[in-house]
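Data first, discussion second: the structure below is written as C-alpha cells.
The values are calculated or read from the model by the stated rules, or taken from the named source; none is laboratory data. Just so we're clear, the structure is a prediction, and the values are computed from it rather than from any experiment. Note that each Cβ is placed from the backbone with ideal geometry, even for glycine, and that neighbours are counted across all protein chains shown.
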Amino acid sequence: MKVLLVAATEAEAAVFRRLALPGAVRDDSFAGNGFSAGCSFSAGRDPSGRDIRGNLHLSLMVAGIGSTATAWALTRRLCTGSRPDIVINAGIAGSFRDSLRTGDVVMPVSDCFADAGVESAEGFLTLSEAGIQDPDAYPFTGDRISAFNSSGDQHAGPHPFSGERTVVPESFFKLAAADIRPVKAVTVNTVTGTRETAGRLMLKYDPDIETMEGAAFFYVCSRDGIPFIALRAVSNRVGIRDRGSWNIPLALENLVLVLENLLKNITLKE
C-alpha cells in the first residue's frame, strides 16, 4: 500500500521522519517534485515478532502553510507523482473545547472554509448564505465537507482522469475511528487570536478545532476521489494569542505515536 503523508511545515515533517517503522529505509525517488522525501518498509516482522503484511510505502510531503499552498502542492502531487492508495494529513490544531486538552490527538471528520464569505451589515455570511454558492454542490453538504458520507463510507470514487478506483482496507478506517476522537473542524486563513473572533466562530460553526489547511485537504481529496484521513494534535487553546501556553513539541510527539500505531496496523485487503 502506498501512503502519502502531508505536513504543512518542515518542522512537522522533521518529527514525522522519526516514525518508528520496522525496516524503514530512505527513498528519495519522490524528491523530484520539490516537496517529498520518503521511506519504505516491506513485508516481514516487527521487533515484537508481529507479521507485517504486504508492502507499505510511505512518502512524506511538505505542502506549505494554508489552504492555497496545500491545494496546489497536493493537486500537483496527485497529478504527477506515483498515485498513493491513501493520503493522510497530519499536523497541529487549536482547540475550542475544554474537553480537548493540549496534546490530545483527534480526527477531523467534517470541515469548512470558515472565513470564505461576504461581510454585510448583518454580519458575516457564508458564500451560500450570500446566495452565490450552492451549499450542497459536491463535495459540500450544508457548506461543509465530510470525510465520510451518510452511510459511513469514504467519498472515494474513480480518479477523474484515469478512472482507476483506489481500494483501502476497511480495517484502517475502523481502527482510526475506534481509537481516535472524531471532531468538527474549521479552516481559517488567519489564526484566531482574540476572544471575540473565537466567540464568533463558535457561534457560527460550533467547531471543536481550528486549522489552516484542513478544508483544502478535504476538498482536493474528495474531488480527486482518493481515500483520505486527517489527524490533528492540539497544540493550543483558540482565543487570546499566548504562544507561551502553546506546546507544539508535546502535540507532535503524541501525533507521531498515533501515526505509528495506524501505519503498523495496516493490513492489505486480500
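Points to keep in mind about this one:
- A search for C-beta distances below 8 Å between a residue of region 248-268 that is closer than 11 Å to Val15 by Cα and surrounded by 17 or more Cβ atoms within 10 Å (Cβ to Cβ) and any residue that is of a type in the set (Lys, Arg) and at pLDDT 95 or above, counting only pairs 6+ apart in sequence or on different chains, returns Leu255/Arg232.
- Within region 241-254, tally of residues that are at pLDDT 95 or above and in a loop (DSSP other than H, G, I, E, B): 2
- Residue in region 98-108 that is assigned to a strand (DSSP E or B), touching a Cys at 6+ places or on another chain (Cβ under 9 Å) and not aliphatic (A, V, I, L, M) present: no
- Residue in region 1-11 that is surrounded by 15 or more Cβ atoms within 10 Å (Cβ to Cβ), more than 23 Å from Asn261 (Cβ to Cβ) and modelled with pLDDT under 90 present: no
- Selection status of Ile229, outside any helix (DSSP H, G or I) and in contact with a Lys or Arg (Cβ under 9 Å, 6 or more places away or on another chain): no
- Any hit, region 198-206, residues being in a loop (DSSP other than H, G, I, E, B), more than 15 Å from the chain's Cα centre (by Cα) and either within 19 Å of Asp98 (Cβ to Cβ) or at pLDDT below 95 (or both): yes
- Contact map, region 121-149: residues that are over 24 Å from Met107 (Cα atoms) paired with residues that are surrounded by fewer than 15 Cβ atoms within 10 Å (Cβ to Cβ), Cβ distance under 6 Å, separation 6+ or inter-chain. Pairs shown: Leu125/Val118; Ser128/Pro135; Ala130/Val118.
- Test: Val105 is within 17 Å of the chain's Cα centre (by Cα) and over 24 Å from Val238 (Cβ atoms): no
- With respect to the conditions (1) more than 21 Å from Ala71 (Cβ to Cβ); (2) surrounded by fewer than 21 Cβ atoms within 10 Å (Cβ to Cβ); (3) at pLDDT below 95, Pro160 lacks only one, and its number is (1).
- For Ala233, the conditions (1) touching a helix residue (DSSP H, G or I) at 6+ places or on another chain (Cβ under 7 Å); (2) at pLDDT below 95; (3) closer than 24 Å to Arg144 by Cβ; (4) not charged (D, E, K, R) all hold with the exception of (2).
- Scanning region 211-226 for residues that are closer than 23 Å to Leu201 by Cα and either part of a loop (DSSP other than H, G, I, E, B) or of a type in the set (S, T, N, Q) (or both) returns Thr211, Met212, Glu213.
- Annotation: of all residues in region 44-87 being among the hydroxyl-bearing types (Ser, Thr, Tyr) and modelled with pLDDT of 85 or more, the one that is farthest from Ala11 (Cα to Cα) is Thr80.
- Given (1) among the polar types (S, T, N, Q); (2) under 21 Å from Leu252 (Cβ atoms); (3) in contact with a Lys or Arg (Cβ under 8 Å, 6 or more places away or on another chain), number of the condition Ser82 does not satisfy: (2)
- Asp224 vs. criteria of a type outside the set (A, V, I, L, M, F, W, C) and touching a Lys or Arg at 6+ places or on another chain (Cβ under 8 Å): no
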